[in-house]
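Working notes for the structure below.
Where a number appears in this text, it was derived from the coordinates with a stated rule and is not lab data. Note that this is a predicted model, so its numbers are computed, not measured. Glycine gets a Cβ as well: all are built from the backbone with ideal geometry, and neighbour counts include every protein chain shown.
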């Protein structure tokens, strides 16, 4: 009996020590990596979508139509689509540190070049090249998280990283509006030209910092103790044992689950970029004309989104449930976007609906990634995440192009917005086709 009690006491002490090491390790990893990864994606999203604010001046200054803007905003995703899978496979082979730095520096330079656009084809070309340059960042960072966090901790970390999107809208909106108003006609440049240059500089600087701050693997993390490294590597290895790979390219391409996930995320991204690219225009249509005030009001939906994303991520990890945590935000976003369009002339009602729409769609965009990362591992994870993201981001082309084309030909963006809400409902119904046992971890 004494030996049994002694054994139980030893097990308790061992378990307590392991829990302490586990908490310390993941706290250090989160503190060291997450703020910087958020900063990287903040820069990416700001440089990707500031064209939505440039539109408020750029279209009249360069005599661009809504259709030209829509095509230019969307063509980014063609280059993105073509290069995303190769980019993520290269990242998996050469390491995140060097490849993410390359991505950020090249796209920062290209983003600044938008200040010199004068023709439609220059606009189209630079947007395409920007997509090529940025391809691989989002799936690369998602893959990078799987190197450091097991699945039972990853929803909160993924949501935390995705919060960079609403933060970029929250800060970038007022900042872009302020730059465009205050810098207009300074040194003979339009405000939108200054905006592109000023907002591109931090991206290049952060890209250089990537080489110093990021580590390629747990083993390279000098700020973890040996015990912490061993525990994290053991949990990651156990997590990967439950994941699947593909033995050939044919198996990968013929995996119906990947195509289902790509279809779901395509629908999510349609809604995400409808909000991202057209939010300033929707607010202006409600009667606000000053760019600074438009920027301030666009920050409100993103603030709401941050709160909802954090709560949803914590809930998803707590219950280890993934499907309904995706379906409910998608449906809420679709309903709210519909009413935001119907109440377009009423600033208060429209803004409330846009807050709900942004919260729902951005929450869905972040929590979606718990589906593929919970069952794919190794090279299949690198290619699968990139493949899903690249295909789905074609919606980034379709969404602004369709809305721009419909708006140009009908004089109203309402029909385009209704189309987006229908797509969100379709995507929510597709989630039910994903087996719960495959993703609920």
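Which residue, 159, 90, 431, has the most motion in a Gaussian network model of the chain that connects Cα atoms within less than 10 Å? Highest fluctuation among the options: 90. Ellipsoid semi-axes for the chain, based on the Cα gyration tensor and the rule √(5λ), read 39, 24, 21 Å when sorted largest first. Highest mean first, the peptides 132-138, 110-116, 201-207 sorted by other C-beta atoms within 10 Å per residue fall in the order 132-138, 110-116, 201-207. Normalised by residue number, the volume inside the convex hull of the Cα atoms of region 153-199 is 52 Å³ per residue.
Comparing 229, 256, 215 in a Gaussian network model of the chain where C-alpha atoms under 10 Å apart are linked, the largest mean-square fluctuation is found at 256.
Once the Cα atoms are used to define both axes, helix 96-112 deviates from the longest principal axis of the chain by about 10 degrees. The orientation-averaged projection of the convex hull spanning the C-alpha atoms of region 134-248 amounts to 10.5 square nanometres. As a rough footprinting exposure proxy, the listed residues 199, 118, 84, 321 were ranked by other beta carbons within 10 Å of their own, and the order from fewest upward is 118, 321, 199, 84. Treating each Cα of region 247-348 as an identical point scatterer and summing with the Debye formula, the log10 of I(q)/I(0) at q = 0.18, 0.20, 0.22, 0.23 Å⁻¹ comes to -0.98, -1.11, -1.22, -1.27.
Segment residue 201..residue 429, full-extension length gain: 77.9 nm, with 0.36 nm per residue of separation and the alpha-carbon distance subtracted. Quick one: Cα centre-to-centre distance for region 396-430 and region 337-365, in angstrom? About 15 Å separates the Cα centre of region 396-430 from the one of region 337-365.
This ranking places 293, 92, 318 by how few other beta-carbon atoms lie within 10 Å of each, fewest first, which gives 318, 293, 92. Comparing mean-square fluctuations of 316, 411, 172 from a GNM of the chain with C-alpha springs under 10 Å, the top value falls on 411.
Angle check, please: helix 66-94 long axis (alpha carbons) against the longest principal axis of the chain (alpha carbons), in degrees 0 to 90, nearest 10. Orientation of helix 66-94: about 20 degrees from the principal axis. Dividing the helix sum by the residues of the chain, where each DSSP H run of 4 or more adds -39500 (n - 2.57), gives a mean residue ellipticity at 222 nm of -28000 deg cm²/dmol. When you count the other C-beta atoms within 10 angstrom of each residue and take the mean per peptide, 328-337, 175-184 line up highest first as 328-337, 175-184.
Over region 83-138, with a single point scatterer placed on each C-alpha, what log10 of the ratio I(q)/I(0) does the Debye formula yield at q = 0.31 1/Å? Scattering profile of region 83-138, log10 relative to I(0): -1.17. Listing 168, 412 from fewest to most neighbouring C-beta atoms within 10 Å gives 412, 168. Taking R0 as 60 Å, what FRET efficiency do you get between residue 120 and residue 217 from their Cβ-Cβ distance, rounded to the nearest 0.05? My answer for the efficiency is 0.85. Axis of helix 120-134 versus longest Cα principal axis of the chain: the two differ by about 10°, to the nearest ten degrees.
How far is the Cα center of region 136-164 from the Cα center of region 171-197, in Å? The distance from the Cα centre of region 136-164 to that of region 171-197 comes to 33 Å.
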